[in-house]
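Bear in mind these aren't lab numbers, they're just calculated from the coordinates by the rules spelled out. Given the structure is predicted, the values throughout are model-derived calculations rather than measurements. Here the Cβ positions follow ideal geometry from the backbone for every residue, glycine too, while neighbour counts run over all protein chains shown.
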Amino acid sequence: MSEETVPQQGTGQPKGLLQQMEELMAALNADLSALDADLQAAGDADRRSGEEEQVG
């Protein structure tokens, strides 16, 4: 019985596990940064509306 080769996707070399993990971590970091920015903006809006209520 001969060894079967794993078909490659596309024309490039198959990605190594370390490269896949680095790409996933970069994507996760980008998602967390976007979430943090959204939460910061929501917190700023809440603070502004709270200040307006106290002044008004």
Quarter of the surface of the C-alpha convex hull for the stretch 16-56, i.e. direction-averaged projected area in nm², equals 2.3 nm²
Rounded to one decimal in nm, the spacing of the 7 Å Cα→Cβ label points at Leu28 and Ala41 is 2.5 nm
